[in-house]
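Participant: Okay, here's the structure, questions in a sec.
Where a number appears in this text, it was derived from the coordinates with a stated rule and is not lab data. Keep in mind that what you see is a predicted model, and the values were worked out from it rather than measured. Backbone-built Cβ (ideal geometry, glycine too); neighbour counts: all protein chains shown.
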Amino acid sequence: MAAIDIAANPYRKDFPLLVQQPNLAFLDSAATTQRPKAVLDAQRHFYETMNANPLRGLYKLSVEATEAIDKTRKDIAAFIGATDEKGKPQGNEIVFTRNASESLNLVAHTLGKKILKPGDEVVISIMEHHSNLIPWQQICKETGAKLVYLRLDKDFRITPEEIEKKITGKTKIVSVTQLSNVLGVSPDIKAIAKRAHEVGAYVGVDGAQSVPHTQVNVRDLGIDYLAFSPHKLEGPMGIGVLWGKIDLLNSMPPFLTGGEMIDSVTEQDAVWAPVPQKFEAGTQDAAGIYATDAAIKYLTDQDFTKLEAREHALTHYLVEQLEALPFIQIVGPRDPDRHLSVVSFNVKDIHPHDVASLLDMKDVAIRAGHHCAQPLMTSMGISSSCRASVAFYNDKKDIDQLVDGLNYVWQVFHGTK
């Protein structure tokens, strides 16, 4: 592929907030992305032209809303490779929740409670976001199971030896991130899944960071479930996705109960609706789901391969520019090729919150704090860090603006570069 020109930016014009704020260097896409006009228009279009409660009505508007949601399921399934042997998207394997956190809680509170017992083990990595840590921590306490961590070596890798050592015959569930929201590194999911299945364990992935930035194929990965949030994928807030193998989803009890997740109800009992409705109690955010489909279409229309290559180039440039500043310490690997979209760092002797506040004065938006990954931070001997995260709508100017801002921060505290 030809070299990526990160000075040019054919995408920024598609994002109304970025157009309205031309001086903003938005480098916090790991927290949430900006939305293209096509997504904003889709959400409004739903309310203006097909606003009705899906599933519940036999009239035209309700049928159209229902069909729109069904189409979104299929398009998401195709996007993440959830297809059958003939390549047909398996939309019934897509469950809508409020966010990736709820998706992971759903699995922990249904599958976890169903199969875990005292002496069993759940394996996660030390890199996990709290959303994929606390649910398992709590379920292990409830069931008497043990929570086991895959640790990083000095090069920030989970080695084959660590995988074999930690995933054993006692392991019942393995749940790991595919892309660290702090380090920007990816563990070998295929190797983890292979080992998990060798010992008879289920394996799931927190794809909140990976799905927006790399082409994920759940069948190729060999996993049993995947969770992610469309709001990190140029889609709306308030929507989460859980993909699971149909046999697994069928075996799991409901997480929430109420309307629309039932087939029939008597005074003393109920029969659950089939998957995925079994996990979707109450009225769903139909407009948000419809807008999620617009986000998927926008990304695929741009050629996701090109977007991924651009983000690799942006991340590479970001690491190189930070490395050139003598007062910056990168948190994680120093090799630019080990990072994807996320680079955490600290400014010598300056608290990350001060750094972020001063950068905001220069129209640079970054994250500062523990990034909902406190055990990882503790393992590295730090309490917080700065984090810059890119998306394809960023460009060289945004990163240069960050570097200029960091020089300004240093000057404020020290008077010199």
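Participant: Can you give the net charge of the other residues whose Cβ lies under 14 Å from the Cβ of Tyr393, counting K and R as +1 and D and E as -1?
Facilitator: +2
Participant: Also, quick follow-up: Sequence neighbours fewer than 8 away in the same chain don't count; with that in mind, list the aspartates and glutamates whose C-alpha is under 17 Å from Lys190.
Facilitator: Glu161, Glu162, Glu164, Glu198, Asp206, Asp220, Asp224
Participant: At 15 Å minimum axial length over the Cα atoms and a Kyte-Doolittle cut of 0.0, report the qualifying DSSP H helices in the chain, or say none.
Facilitator: Result, helices passing both filters: 286-301.
Participant: For the chain, set up a Gaussian network in which alpha carbons nearer than 10 Å are linked by springs, and say which option among Ile328, Ile94, Ile239 fluctuates the most.
Facilitator: Among Ile328, Ile94, Ile239, the largest mean-square fluctuation in the Gaussian network model of the chain belongs to Ile328.
Participant: Which of rounded, prolate or oblate describes the stretch 112-201 when judged by the alpha-carbon gyration tensor and an a/c cut-off of 1.5?
Facilitator: oblate
Participant: Sticking with this one: Can you work out the base-10 log of I(q)/I(0) for the stretch 304-414 at q = 0.12, 0.15 1/Å, using the Debye formula on its C-alpha atoms alone?
Facilitator: -0.39, -0.61
Participant: Only Cα pairs within less than 10 Å get springs; with that Gaussian network setup on the chain, which residue of Trp272, Trp136, Trp243 has the largest fluctuation?
Facilitator: Result: Trp272 has the largest fluctuation of those listed.
Participant: Considering the dipole of the chain built from charges on the beta carbon (Lys and Arg +1, Asp and Glu -1) around the Cα centre, which of Ala294, Gly405, Ile139 is farthest to its positive end?
Facilitator: Of the candidates, Ile139 comes out farthest on the positive side.
Participant: Right, something else. List the residues, sorted by chain then number, that are 5 or more residues from Val148 or on another chain and whose placed amide H is less than 5 Å from its amide H.
Facilitator: Under 5 Å from the amide H of Val148: Val122, Val123, Ile124.
Participant: Still on this structure: Where nothing but the Cβ of Lys and Arg (+1) and of Asp and Glu (-1) is charged, how large is the charge dipole of the stretch 156-233 around its Cα centre, in debye to the nearest 20?
Facilitator: 100 debye
Participant: Say the cut-off is 32 Å between C-alpha atoms; which of Lys88/Lys170; Lys13/Lys348; Lys141/Lys165; Lys165/Lys245; Lys71/Lys232; Lys88/Lys194 go over it?
Facilitator: Beyond 32 Å: Lys88/Lys170; Lys13/Lys348.
Participant: Moving on. Among the aspartates and glutamates, select those whose C-alpha is under 14 Å from the C-alpha of Lys113, and discard any that sit fewer than 8 residues away in the same chain.
Facilitator: Here the aspartates and glutamates satisfying the reach criterion relative to Lys113 are Glu121, Glu142.
Participant: Moving to a separate point now. GNM on the chain, C-alpha springs below 10 Å: top fluctuator among Glu85, Glu267, Glu280?
Facilitator: Glu267
Participant: With each run of n ≥ 4 DSSP H residues scored as -39500 (n - 2.57), what mean residue ellipticity at 222 nm is computed for the chain after dividing by its residue count and rounding to the nearest 500 deg cm²/dmol?
Facilitator: Helix-only estimate at 222 nm: -11000 deg cm²/dmol.
Participant: Out of all DSSP beta bridges with both ends in the chain, state the antiparallel percent to the nearest 5.
Facilitator: Roughly 55 percent of the DSSP beta bridges within the chain come out antiparallel.
Participant: What are the ³J(HN,Hα) couplings of the stretch 172-180, residue after residue, when phi is run through the Karplus curve with 6.51, -1.76, 1.60 and θ = phi - 60°? Round to Hz, x for glycine and proline.
Facilitator: 10, 9, 10, 9, 9, 6, 8, 8, 5
Participant: To check my understanding: the extent here is largest minus smallest coordinate of the Cα atoms along each principal axis. What are those three numbers for the stretch 334-375, in Å, largest first?
Facilitator: 30, 25, 20
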